[in-house]
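One structure is given here, and the rest of the page talks about it.
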Amino acid sequence: MSVFSVNDLRVRFGGVQAVRGVSFAVEAGKTLAIVGESGSGKSASLLGATGLVPASAVVEGSVRHCGREILGLPHRELRRLRGAKIGFVFQDPLSNLHPLKTIGEQIGEAISVHGGVGRRERRERVLALLDNVGIADPQARLADYPRHLSGGMRQRVMIAIAIALDPGLIIADEPTTALDVTVQAAILDLLKRLQQEHGTALIFVSHDLAVVSDIADDVVVMREGVVIEKAPAAEIYLRPRQDYTRELLGAARLGGPKTYAAAGGREASRPLLAMHGIARSFGTRSVLDDVSFTIGEGEILGLVGESGSGKSTIGRLIAGLDRPDAGLISLRGRDYSQPGSGGVLLQGDLRKAIQVVFQDPYASLNPRRRIEAILSDPFVIHGSIGKAELREKVKQLVADVELPEEILNRLPSQLSGGQRQRVAIARAIALRPSLIVADEPVSALDITTQAKVIRLLSRLRDKLGVSFLFISHDLGVIGELCDRVIVLEKGQIVETGQTRQVFRRPVHDYTRRLLASIPGNKRLSADAELEEVSHG
């Protein structure tokens, strides 16, 4: 008997039918992966099935937990079921953990809310849970607040809360999105270990088939609120039936470093930007230590490393949003950033020459202004221009980033995440800069949208001759796009070279560890063996 089964589930929000006749099931000790692009109905299906949608939503069909129909249960009964029998791990632990409560308090609440437990027993169980999810020195962490922990540690705390009452089912909704590759691998290994130890059923929601490739027993592929393909994982990866599934697989970058690094064949060009002996500290913590490198004319340079390695600090220094404690930064031989405090007051030509694309297009676009006004700003700020000419330049910008002209009259909230990021890119190229600092520009996007934005950036480089510093924790993205790569560990450059060379023959142990953590390596090997056996 299935631990959790959904049959002909339909979820409607107002006039929008988000889920249309979805069916799936998961057994004890098994992992079901539900994959699809943003807006495909993955999360809506599970939130609707477990009663976590607004009261105004309409949910129809059948949802059974251990054979018992739970759709339509009173709110109080559903609340008792959630947590005790069904644990949840959500995408953003910082948003889902209370910022004003300690880690110990929040895990303790998950235990005590479902039954009376003495203070001493609760404390012992909290310590055991923290130890079980791999939090070092749990005693010292009890009094920490979420802000004191890294993203990976916060996600481990979320998992501790989810397993606090040993539920038979865990629903993990995009639990590794925006985590760097080594932390992502550690979280996946943790979920697999906990599942094996407790025989838990796991439903893992993701937009990336590579991420779920190492843990899924069965895969459900969703698109526009409908299940379009459902099969054992090996069949999905070896013999997908639907074109859309093949598209997802193509975008998933399965297979590790040998299949990456299509980029990297571009000849070295003359230096555009140079960093010399850069050091930066915040308080007593050293973030960058003697960092030196160049970016060539028309080059896409990748900067990769784990969270906290100093990648974004380098981006801020180059963009003039911060100053180094030591060292110099120059553009075409002209020094523009020297040691000091505060931001750099860049001259007009330098300000136009260096632009930035940030990670979150939600935060980097003014929600109250229409796209035409947002894209007009660079031209208006940096010189007088007539209305007719301004309108033509803005229309050309949206054409450059392959957006339809009708989006000019929309607000950012009326665009998809990928469209918003294209608008941010259009704004960055408006004044034809020499260099764009792209700081994690695709990490918040689903896998197929990532692929489209990557292709767009490559085409813009070829068309405009603009250089990019592309900052990412995702080696798959770096390998697809970048000519050269710099590997940063704890504020120091540990390896650099042509992308193809570094990915295929890494020299430093840290680089090898990053590459080994890329999702999909295990699945690719297992599927190759299965294919060989099946063909005798």
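The values are calculated or read from the model by the stated rules, or taken from the named source; none is laboratory data. No experiment lies behind these values; they were computed from the predicted model shown. So basically every Cβ, Gly included, is an ideal-geometry build from the backbone, and we count neighbours across all protein chains shown.
With respect to the stated conditions, residue 241 fails to be touching a residue at least 12 places away in the same chain (Cβ under 8 Å), surrounded by fewer than 23 Cβ atoms within 10 Å (Cβ to Cβ) and within 25 Å of residue 16 (Cα to Cα). Given the criteria at pLDDT below 90 and crowded, with 18+ Cβ neighbours inside 10 Å, does residue 152 qualify? Against the criterion (at pLDDT below 90 and crowded, with 18+ Cβ neighbours inside 10 Å), residue 152 qualifies. All conditions in (1) farther than 18 Å from residue 271 by Cβ; (2) under 24 Å from the mean Cα position of the chain (by Cα) hold for residue 302, with the sole exception of (1). I'd like the full set of residues that are modelled with pLDDT of 95 or more and on the phi > 0 side of the Ramachandran plot, limited to the stretch 11-21. Within the stretch 11-21, 21 is the sole residue that qualifies. Filtering the stretch 145-174 to residues that are part of a loop (DSSP other than H, G, I, E, B) and either under 20 Å from residue 28 (Cβ atoms) or among the hydroxyl-bearing types (Ser, Thr, Tyr) (or both) leaves 145, 150, 163, 164, 165, 166, 167, 168.
Do we find that residue 437 is buried (at least 22 other Cβ atoms within 10 Å of the Cβ), part of a loop (DSSP other than H, G, I, E, B) and hydrophobic (A, V, I, L, M, F, W, C) in this structure? No, not satisfied. Considered as a group, the residues in the stretch 480-513 that are touching a Gly at 6+ places or on another chain (Cβ under 8 Å) and part of a helix (DSSP H, G or I) include one that is surrounded by the most Cβ atoms within 10 Å (Cβ to Cβ), and that residue is 499.
Inside the stretch 155-178, residues that are more than 21 Å from residue 126 (Cα to Cα) and surrounded by fewer than 23 Cβ atoms within 10 Å (Cβ to Cβ) make up a count of 4. Within the stretch 22-39, restricting attention to residues that are within 19 Å of residue 443 (Cα to Cα) and outside any strand (DSSP E or B), which residue is modelled with the highest pLDDT? Result: 36.
Just one of (1) among the hydroxyl-bearing types (Ser, Thr, Tyr); (2) closer than 23 Å to residue 398 by Cβ; (3) free of Cβ contacts under 8 Å to residues at least 24 places away in the same chain fails for residue 413. It is (3).
Across the stretch 314-370, the qualifying residues are those that are in contact (Cβ under 8 Å) with a residue 40 or more places away in the chain and of a type in the set (Val, Ile, Thr), and the one among them that is surrounded by the most Cβ atoms within 10 Å (Cβ to Cβ) is 314. Within the stretch 1-23, being within 17 Å of residue 200 (Cβ to Cβ) and either hydrophobic (A, V, I, L, M, F, W, C) or out of contact with any Gly (no Cβ under 9 Å at 6 or more places or on another chain) (or both) holds for 1, 3, 4. Residue check: is residue 466 closer than 26 Å to residue 370 by Cα and of a type outside the set (Gly, Ala, Ser)? When the stated conditions are applied, residue 466 does not pass them.
Note on the stretch 390-410: residues that are without any contact (Cβ under 8 Å) to a residue 24 or more places away in the chain and not in a loop (DSSP other than H, G, I, E, B) total 9.
The residue that is modelled with the lowest pLDDT, counting only those in the stretch 56-83 that are of a type in the set (Gly, Ala, Ser) and surrounded by 14 or more Cβ atoms within 10 Å (Cβ to Cβ), is 83.
Take residue 57 and tell me if it is in contact (Cβ under 8 Å) with a residue 40 or more places away in the chain and touching a strand residue (DSSP E or B) at 6+ places or on another chain (Cβ under 8 Å). Yes, satisfied. Exactly one of (1) of a type in the set (Val, Ile, Thr); (2) assigned to a helix (DSSP H, G or I); (3) surrounded by 24 or more Cβ atoms within 10 Å (Cβ to Cβ) is unmet by residue 442. Its number? Of the numbered conditions (1) of a type in the set (Val, Ile, Thr); (2) assigned to a helix (DSSP H, G or I); (3) surrounded by 24 or more Cβ atoms within 10 Å (Cβ to Cβ), the odd one out for residue 442 is (2). Close contacts from the stretch 98-112, counting a first residue that is crowded, with 20+ Cβ neighbours inside 10 Å and a second that is assigned to a helix (DSSP H, G or I) and of a type in the set (Lys, Arg), with Cβ to Cβ under 7 Å and a gap of 6+ residues or different chains, come to 103/141; 108/122.
Specify which of the listed residues (425, 385, 371, 407) is over 27 Å from the mean Cα position of the chain (by Cα) and of a type in the set (Val, Ile, Thr). Of 425, 385, 371, 407, the one residue that is over 27 Å from the mean Cα position of the chain (by Cα) and of a type in the set (Val, Ile, Thr) is 385.
Of the strands (runs of 3 or more DSSP E) contained entirely in the stretch 271-326, those carrying at least 1 residues that are farther than 27 Å from residue 151 by Cα and among the hydroxyl-bearing types (Ser, Thr, Tyr) fall at 285-296. Note on the stretch 138-191: among residues that are β-branched (Val, Ile, Thr) and more than 25 Å from residue 50 (Cα to Cα), the one that is nearest to the chain's Cα centre (by Cα) is 181.
One residue stands out among those in the stretch 187-240 that are among the aliphatic types (A, V, I, L, M) and assigned to a loop (DSSP other than H, G, I, E, B): the one that is modelled with the lowest pLDDT, which is 215. Once the stretch 416-426 is narrowed to residues that are in contact (Cβ under 8 Å) with a residue 60 or more places away in the chain and closer than 27 Å to residue 382 by Cα, the residue that is surrounded by the most Cβ atoms within 10 Å (Cβ to Cβ) is 421.
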